[in-house]
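Throughout, read-outs are computed from the coordinates displayed, never taken from laboratory work. The structure displayed is predicted, hence computed values, not measured ones. We place every Cβ from the backbone using ideal geometry, glycine too, and count neighbours over all the protein chains shown.
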Amino acid sequence: MEPPRRRTMIWVLCAALVASAASTEAIGVNWGTQTSHPMPPKIVVQMLKDNGIQKVKLFDAESSVMSALANTGIEVMVAIPNDQLEQMGTYSNAKAWVHENVTGYRDVNIKYVAVGNEPFLKSYNGTFLKATFPALKNIQKALDEMGSKQIKATVPMNADIYSSPEDNSVPSAGDFRSDIRDLMVEIARFLSSNGSPFVINIYPFLSLYENPNFPADFAFFDGGGRSINDKGTKYTNVFDANFDTLVWALKKAGISSMKIIVGEVGWPTDGSKNADVAGAKRFYDGLMKKMASNTGTPVRPGPMDVYLFAFIDEDMKSIQPGYFERHWGIFTYDGKPKFPMDLSGKGNGKYLAGASGVEYLSDEWCVYDPSARNQEAVPRSMDFACSNGDCTALMGSSPCSKLDRSGRVSYAFNMYFQMKDQDVRACDFQGLAKITSRNASRDGCLFPIQIVNAAGRSPAELGLLMLPWIAVLLFL
Ligand SMILES: *[C@@H]1O[C@H](CO)[C@@H](O)[C@H](O)[C@H]1NC(C)=O
Ligand SMILES: *[C@@H]1O[C@H](CO)[C@@H](O)[C@H](O)[C@H]1NC(C)=O
Ligand SMILES: *[C@@H]1O[C@H](CO)[C@@H](O)[C@H](O)[C@H]1NC(C)=O
């Protein structure tokens, strides 16, 4: 028999092993705030805690959010929006930013500073090409000088900075886009030599959305569809293929081992054909299982560092890329889980926990009155309501998209009325609308009641995108 002391030592060793296995990369989330009615940051932080989420990625450094994250231990990636990149090219501005938004939050566990967000997207037409690298260098220099050397600056990139696996190429053929190759190589080398991670956003949903011939199963993780054979390495999902395309592009730049973070990955639940709860559930179930297994990708096996996009729906995101933009959340605008989701990926029966303590406006809805005179004003009123509210749920595949004409008009009116904090003046529409206390939800389509506006900013400040919402009516 072994002496007891030795046995104790073995136990200590086992415990240490278990602990180290449990502390492999945890799932992080993106917390965006382009919402008309943000939940109080304290409630959102409690949601992070209740769901065991230890890492959060932000898109700016809003003080109410940063303050709510203080003393929580939650790891934070704070960010500089693209429109401030040029300013950061002047060192004193970069220093001021770091002073206010990093040094100023000593109790926040800031780990990274994201300098810009997907600045090299093709659709930006090169607007941020010149400003990004100088901003990155200045921010890192300021971090180093102000004694925050362990905090790393990086630039979250979109996957269209490199050739994609949809172009019928294999991951090992991966390289940076030719128009930005030299710049990308310089940036990657800077990040690598500084010990900063490369942050990449990967969207299998967009592969499917943008290409009608894309094999749908390849967007998910349960196989069964197309696979890519890359000189003997088999890829059964586009996520892995995409990630390894980057690994190969980095290799060609002479970088073989830098840390790579997936800054955004997710699946929207409404606003387009493949955007629905069933698709999101299938995608996330597969992703979480993959994360739990720590298999990584064929070229980069092992734990992955991943941030889901997104934590909460944002009803004021630009819908230029598509109506689905306002439906990326794993939680609704008011903090309800959209479907049972197991973040552990282990099937332990523990699902997302919703928000508590959310305050709602009164049980009042604004609905269309089909008996009102002035019916010829319906299209114009609908256009107005949709341009200033949110009609994206009418444009997707949810039950709301199947409402009849009067249901659609009511939905649009109600969304505008809620957006305006149930102001009676926001439920007129030239006499076509009336307020009711009877729940207007119908045919499986939820007519929401807004929450009490925590930030107190008006939707107009956020600048809504005017689109010809007349299209919503034409869809009838
Ligand atoms: C700090 O961040 C906030 C929020 O993103 C921003 O408005 C402000 O301009 C930043 N401070 C400086 C000095 O740049
Ligand atoms: C980029 O160019 C296209 C086509 O000229 C234009 O429609 C779009 O508004 C431009 N985008 C930006 C961000 O400048
Ligand atoms: C209205 O009805 C829907 C569908 O039955 C329900 O989900 C929702 O909670 C109700 N809203 C309120 C405020 O009672």
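Multiplying the residue separation of THR233 and SER293 by 0.36 nm and removing their Cα-Cα distance gives an extension gain of 19.7 nm. Counting 0.36 nm for each residue step from LYS141 to ALA278 and taking away their Cα separation leaves a gain of 44.7 nm. Ordering of 56-66, 96-106, 405-415 by packing is 405-415, 56-66, 96-106, highest average first (other Cβ atoms within 10 Å, averaged per residue).
Counting only residues at least eight positions apart within a chain, or on another chain, the lysines with an alpha carbon under 16 Å from that of LYS111 are LYS55, LYS57, LYS141, LYS149, LYS152, LYS259.
Put a dot 7 Å past the Cα of ASN211, heading toward its Cβ, do the same for GLU376, and the two dots end up 5.0 nm apart. At an R0 of 35 angstrom, the distance between the Cβ atoms of ARG106 and ASP423 translates into a FRET efficiency of 0.25.
In debye, nearest 20, what is the charge dipole magnitude of region 56-176 about its Cα centre with +1 on Lys and Arg Cβ and -1 on Asp and Glu Cβ, if you could check?
420 debye
Cross-link check: pairs LYS130/LYS420; LYS137/LYS346; LYS42/LYS338; LYS290/LYS402 evaluated at a Cα-Cα cut-off of 30 Å; pairs beyond the cut-off: LYS130/LYS420; LYS137/LYS346; LYS290/LYS402. Taking the longest Cα principal axis of the chain as reference, the axis of helix 129-145 is set at about 60 degrees. Positive-end ranking of SER293, SER207, ALA68 along the dipole of the chain, with charges on Cβ about the Cα centre, is headed by SER293.
Rounded to the nearest 0.05, the FRET efficiency derived from the C-beta distance between TYR124 and LYS252 at R0 = 41 Å is 0.95. The alpha carbon centroids of region 94-136 and region 338-367 are separated by 32 Å. Of all DSSP beta bridges located in the chain, what percent are antiparallel, nearest 5? Among the beta bridges of the chain, antiparallel pairing accounts for roughly 30 percent. Dipole of the chain computed with +1 at Lys/Arg Cβ and -1 at Asp/Glu Cβ about the Cα centre; of VAL424, ALA241, ILE255, farthest Cα towards the positive end is ILE255. Computed over the chain, the per-residue total of -39500 (n - 2.57) for DSSP H runs of n ≥ 4 gives a 222 nm mean residue ellipticity of -9500 deg cm²/dmol, rounded to 500. Each of TYR284, ASN439, TYR411 was scored by the projection of its Cα onto the charge dipole of the chain, and the greatest displacement toward the positive side belongs to TYR284; charges sit on the C-beta of Lys, Arg, Asp and Glu. Under the convention that each Lys and Arg Cβ holds +1 and each Asp and Glu Cβ holds -1, the size of the dipole of the chain around its Cα centre is about 1260 debye. Specify the inter-centroid distance of region 286-301 and region 214-246, based on alpha-carbon positions, in whole Å. Their Cα centres are 13 Å away from one another.
Relative contact order, whole percent, for region 17-327 stands at 18, derived from Cα pairs under 8 Å and 6 or more residues apart. Neighbours of ARG282 by Cβ distance under 12 Å: Lys/Arg scored +1, Asp/Glu scored -1, total -2. Restricting attention to region 127-220, which trypsin sites (Lys or Arg not before Pro) occupy a DSSP loop and are surrounded by at most 13 other Cβ atoms within 10 Å? The qualifying sites are LYS149. Around LYS141, under 12 Å between beta carbons, what's the net of Lys plus Arg minus Asp minus Glu among the other residues? Result for the local shell: +1.
Rounded to the nearest 20 debye, what is the charge dipole size of region 294-423 about its Cα centre when +1 sits on each Lys and Arg Cβ and -1 on each Asp and Glu Cβ?
The calculation lands at about 560 debye.
Computed from Cα positions, the angle between helix 405-419 and the longest principal axis of the chain comes to roughly 70 degrees.
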